[in-house]
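Report on one structure; see the data block that follows.
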Amino acid sequence: MLVVMQSHSTPEQIDRVLAAIRQMGLTPHPMPGATRTAIGITGNTAAIDPRTLEVLPGVLELIRVTKPYKLASREMHADDTVIRLPQGTFGQRHFTIIAGPCSVEDESMIVRTAEWLMARGVRFLRAGAFKPRTSPYAFQGLGLDGLEILRRARERTGIGIVTELMDTESASAVEEVADVIQIGARNMQNFSLLRRAARAPRPILLKRGMAATLEEWLMSAEYLLSGGNRDVILCERGVRTFSDHSRNTLDLSVIPPAKALSHLPILVDPSHGTGRRDYVGPMALAALAAGADGLLIEVHPDPDHALSDGAQSLDFDRFERLLAQLESLAGPLRRVVPSPAGNLPSLTSPESGRCTDRH
Ligand code: PEP
Ligand code: MN
């Protein structure tokens, strides 16, 4: 349910509505907008008599939200969510690129990649310190040592860090280093992890589970939003189908319905979505054309010797060519792609300059 306040409603009137909602045993979620405040209500709203809220001073109307995901839905939040970080913006015509190796392998490859990316205007580095691997014998990531390497790369270059949180035990360590916390496909429905991530003071990049419907994915986003984290970015990374010509089937057709049903920004991961470096470029361009808000893409200084996902990783030359192609496509589509120009604030900790909004 959504309470829409009148445009001239006072803070006292809003407080009174919030108190009335709490008195009913429900949770209010105030959403200040450019012209008026709306208040989302979650909990068991079935038994509410809408008139009890409708008659309160300052209330314009009550809208019943029909979708099972409430806070993630456009019904409740008509405007696009825009997440602004010092290194870049997710949403609002920006096509933001997060690039880097699958795993943190050692400090020199991470710093080299971070410096290369920053020089080309790509201001978010992805790299897993904790890796969810199908085989227990495969490289599992450097864990806390990997996080320390990411922290140093951030300090040295100012690049934003995107790294995966795999379990609740490492949440405090990950949120200290990460500018954006990634929840991987295999954990999309790890509800205790989602509840913990909801409390992290960082935006969450929520990958789509490999067999998840759009509704299930948005319900997982709802765990994050209802737990208090409004900064959620969806990431399509391919799903399992009968097709065996690529690692997964990158479902770009999910972008228009995701945008229609939800206000959350959506990125595309063409690396896990295809599993082969020669398929990554075309699908990255297709993602831009289909209306995605950016990419999560695997780039490695020496993909043939990568410790994980080398086959789907681009080397710097290939990535540079893709950036140029994205730039030429972005112009006619009136989208903003990363560019080397522009000053960055100097960053020493993930706290500095952090700001987000949701207009
Ligand atoms: C990754 O981004 O390296 C990763 C493991 O992704 P996914 O969870 O989509 O498989
Ligand atoms: Mn990977």
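So the values come out like this:
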item	result
Per residue value of the accessible surface for the range 2-63 (all protein chains in place, 1.4 Å probe), Å²	54
Accessible area (Å², per residue) of the range 205-256, counting only protein heavy atoms and a probe of 1.4 Å	39
Chymotrypsin sites (Phe, Trp or Tyr not before Pro) lying in DSSP loop within the range 152-258, provided at most 11 other Cβ fall within 10 Å	Phe242
Test item: Cα-centred dipole of the chain, Lys/Arg +1 and Asp/Glu -1 on Cβ, debye	640
Relative contact order (%) - criterion: Cα under 8 Å, at least six apart; region: the range 188-291	23
Which of Val336, Val299 is most accessible, then next, and so on - probe 1.4 Å	Val336, Val299
Approximate spin-label separation His245-Gln92, in nm, with each point projected 7 Å along Cα-to-Cβ	4.0
Å² per residue, accessible surface of the range 71-165 at 1.4 Å	35
Estimated distance in nm for a label pair at Glu155 and Arg51, the labels positioned 7 Å out from Cα along Cα-to-Cβ	6.5
Cβ-derived FRET efficiency at R0 41 Å, Lys67 paired with Asp106, nearest 0.05	0.35
FRET E, pair His305, Thr134, Förster distance 22 Å, beta-carbon r, rounded to 0.05	0.60
Loop chymotrypsin sites (Phe, Trp or Tyr not before Pro), the range 25-105, which have at most 14 other Cβ atoms in a 10 Å radius of their Cβ (DSSP)	none
Pairwise FRET efficiency - Ala19 versus Ala119, Cβ, R0 = 51 Å, nearest 0.05	0.45
Net +/- balance of residues flanking Gly228 in space, Cβ distance below 13 Å, scoring K and R +1, D and E -1	+3
Along principal axes, Cα extents of the range 2-63, largest first, whole Å	29, 19, 19
Diffusion constant of the range 242-325 at 4 °C, which comes from Stokes-Einstein with the Kirkwood Cα-pair radius and 1.567 mPa s, µm²/s	97
The range 83-333, relative contact order in percent, only Cα pairs under 8 angstrom and at least six apart counted	18
Paramagnetic reach from Arg199 in the range 164-186 [backbone N under 15 Å; point 7 Å along Cα→Cβ]	167-176
Shape parameters for the chain, alpha-carbon atoms, Rg then Dmax in Å	20.8, 67
Reachable aspartates and glutamates from Lys67, criterion Cα separation under 15 angstrom, eight or more residues apart if same chain	Glu75, Glu215, Glu216, Glu222
Surrounding net charge for Asn190, when Lys and Arg each add one and Asp and Glu each subtract one, Cβ distance under 11 Å	+2
Residue of His263, His300, His94 that the Gaussian network model of the chain assigns the largest fluctuation, springs spanning Cα pairs under 10 Å	His94
DSSP beta bridges in the range 83-333 [antiparallel fraction, %, rounded to 5]	15
Percent accessible area from carbon and sulfur atoms, the range 2-63, protein chains only, probe 1.4 Å	53
Dipole magnitude (debye, nearest 20) for the range 16-115, charges at Cβ of Lys, Arg, Asp, Glu	540
For the chain, calculated [θ]222 nm from helices alone, where every DSSP H run of n ≥ 4 adds -39500 (n - 2.57)	-9500 deg cm²/dmol
Separation between Cα centres of the range 235-284 and the range 108-179, rounded to whole Å	23
Cut-off 11 Å between beta-carbons: net charge of the residues surrounding Glu216, Lys and Arg +1, Asp and Glu -1	-1
Among Phe95, Ala260, Leu53 the positive-end extreme of the charge dipole of the chain (Cβ point charges)	Leu53
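The values are calculated or read from the model by the stated rules, or taken from the named source; none is laboratory data. Just so we're clear, the structure is a prediction, and the values are computed from it rather than from any experiment. Cβ sites come from the backbone with ideal geometry, for glycine too, and all protein chains shown count toward neighbours. Note: accessible area is taken over every heavy atom of the protein model, side chains too, but ligands, DNA and RNA are not part of it. Shrake-Rupley method; radii C 1.70, N 1.55, O 1.52, S 1.80 Å.
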